[in-house]
1. Tell me, which residue of the stretch 342-363 that is more than 19 Å from the chain's Cα centre (by Cα) and part of a loop (DSSP other than H, G, I, E, B) is surrounded by the fewest Cβ atoms within 10 Å (Cβ to Cβ)?
2. Can you name the number of the only condition in (1) surrounded by fewer than 20 Cβ atoms within 10 Å (Cβ to Cβ); (2) of a type in the set (Ser, Thr, Tyr); (3) touching a residue at least 12 places away in the same chain (Cβ under 8 Å) that THR96 fails?
3. In this structure, does ASP307 turn out to be modelled with pLDDT of 95 or more, surrounded by fewer than 16 Cβ atoms within 10 Å (Cβ to Cβ) and in contact with a Ser or Thr (Cβ under 7 Å, 6 or more places away or on another chain)?
4. Just to be sure before I move on: is LEU404 under 18 Å from PRO240 (Cβ atoms), touching a Ser or Thr at 6+ places or on another chain (Cβ under 8 Å) and assigned to a helix (DSSP H, G or I) in the structure I sent?
5. Among residues belonging to the stretch 121-135 that are among the acidic types (Asp, Glu) and part of a loop (DSSP other than H, G, I, E, B), point out the one that is surrounded by the most Cβ atoms within 10 Å (Cβ to Cβ).
6. In the stretch 373-418, how many are in contact with a Leu (Cβ under 7 Å, 6 or more places away or on another chain), under 30 Å from GLU352 (Cβ atoms) and among the hydrophobic types (A, V, I, L, M, F, W, C)?
7. What number of residues within the stretch 290-310 are assigned to a loop (DSSP other than H, G, I, E, B), over 22 Å from HIS213 (Cβ atoms) and of a type in the set (D, E, K, R)?
8. Which of (1) assigned to a loop (DSSP other than H, G, I, E, B); (2) within 25 Å of ALA119 (Cα to Cα) is the odd one out, the single condition LYS176 does not satisfy?
Amino acid sequence: MKRNCLHTAASVVLAAAMALAGCSGGGETAKPSGEQGGSQGGQGGSGQVTLTMNSWRVEDTEGYKKIIQAFEAENPGIKIDFKPLKATEYDTILNTALQSDSGPDILQLRPYAPGVSLAEAGHLEPLDNLPGIREFPQDVLAAATGKDGKVYGVPLSLNSTQIYYNKKIFDQYGLKEPKSWDELIATAKTLKEKGVVPFAFGAKEGWLLSLSHGVIAPGTYNGNAFVDKLLKGESTFTSPEFVKSLQRMQELAPYFPENFVGLELNDIRTMFFTEKAAMFINGSFELEGLKKMNPDLPIDFFPMPTDDGSTVLTTWVDGSYAVNAKSKHKQEALKFLAFMTTKKFGELFAGEFKRISAVPGVSTDDPLVNKMAEMSQSIATPYLMVVHFAEGNPSTKKTLENALQGMYLGKLTPEQVAQEVQKSAEKWFPAFKK
């Protein structure tokens, strides 16, 4: 699958992974449309403007210091105050602030429906005339494009999610990257028999469950053909292949840590980088942190084996950055977002975070990131719940997460989980509406 066809198979291909940046752009700088409203940005002396910038990634604080310094060196009249919030609290705090006209000048958008909903509520400034914005492929811009066709965010990164593994532990027990589901289970069984936790896994945070299912499920429905049928309403979440994906999530449970239902990301991340677990299902965004916490970690990853003998890599466009429509300093905020479309920003981002800038044309010096990039070009499948089923109240994605938690607590069967997901989607998804 080519990078400029992220949505061809029904969405976003992480072209994700990592060929990124390049830019500079056309169009004229967008102008402020009204100065009313509150913003946390302040006016300093000598005409200096301070912009507040929110994100859900507290762990990115140090990396953004270098990026912001590069921007401020070229724009001495503008200061950026990066104020990240805890990921689990971000949405609530941000929505409350925006509704009271006191939100940040620059904010990170959740990808697809959740971010677009802020535009529909009138909180975001359109970016169609932002210099550099049209350098991004349409499928990448789709993650922050409203139903009105306007672009509201500068795409930040292209993500994949996969199964990381500890090469030293695998070598110690003569294990190879599994090429089928049966081989994956046999690998987990061998590790457990040797006294090693096969998977660092936790079910306390629901998003970890939908993310893990996003890796496991395409192996049962063989990637994109099922996704295409689902989006056309020719198949449903109660189909045998989707139910099978939930059964496989249940089948993995014996190979999770003790008391895994009470473990969260920090617990399982620590378990993996301290080499107490052999495998870790998570996103490309975890790579930089894992390497920082254990520079000697012998890490690699493998894509998900499919039942038809192939492999798939789950991909999506991650968060974008937007401008608060009520910011008192929109011109300055737009200037920073224009900087985010440039190759300079893309290279800084990729270098600092070992991630994929969404800016076209940027390569990295990290072999694992490049491996993700290569696979995303040929074997990508969309993170279904993020790209296509993040709407509804609660969203279908959230419904899956809650139901999987119920399954792991012994309250729901895989078949009942599928029924809950289908009922949720039928309430809003056009192809399912009757």
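1. Checked the stretch 342-363; the qualifying residue surrounded by the fewest Cβ atoms within 10 Å (Cβ to Cβ) is GLY361.
2. (3)
3. On the way: modelled with pLDDT of 95 or more: yes; surrounded by fewer than 16 Cβ atoms within 10 Å (Cβ to Cβ): yes; in contact with a Ser or Thr (Cβ under 7 Å, 6 or more places away or on another chain): yes.
It is true that ASP307 is modelled with pLDDT of 95 or more, surrounded by fewer than 16 Cβ atoms within 10 Å (Cβ to Cβ) and in contact with a Ser or Thr (Cβ under 7 Å, 6 or more places away or on another chain).
4. Values: under 18 Å from PRO240 (Cβ atoms): no; touching a Ser or Thr at 6+ places or on another chain (Cβ under 8 Å): yes; assigned to a helix (DSSP H, G or I): yes.
No, not satisfied.
5. In the first step, residues of the stretch 121-135 are kept if they are among the acidic types (Asp, Glu); the result is 125, 128, 135.
Then drop every residue that is not part of a loop (DSSP other than H, G, I, E, B), which leaves 125, 128.
Values: GLU125: 21, ASP128: 14.
Among those that are among the acidic types (Asp, Glu) and part of a loop (DSSP other than H, G, I, E, B), it is GLU125.
6. Total satisfying the criteria: 4.
7. As a first pass, look at the stretch 290-310 and keep what is assigned to a loop (DSSP other than H, G, I, E, B): 294-298, 303, 306-310.
Going one step further and asking which of them are over 22 Å from HIS213 (Cβ atoms), we end up with 294-298.
From what is left, the residues that are of a type in the set (D, E, K, R) are 296.
Selection size over the stretch 290-310: 1.
8. For LYS176, the exception is condition (2).
The values are calculated or read from the model by the stated rules, or taken from the named source; none is laboratory data. No experiment lies behind these values; they were computed from the predicted model shown. Glycine gets a Cβ as well: all are built from the backbone with ideal geometry, and neighbour counts include every protein chain shown.
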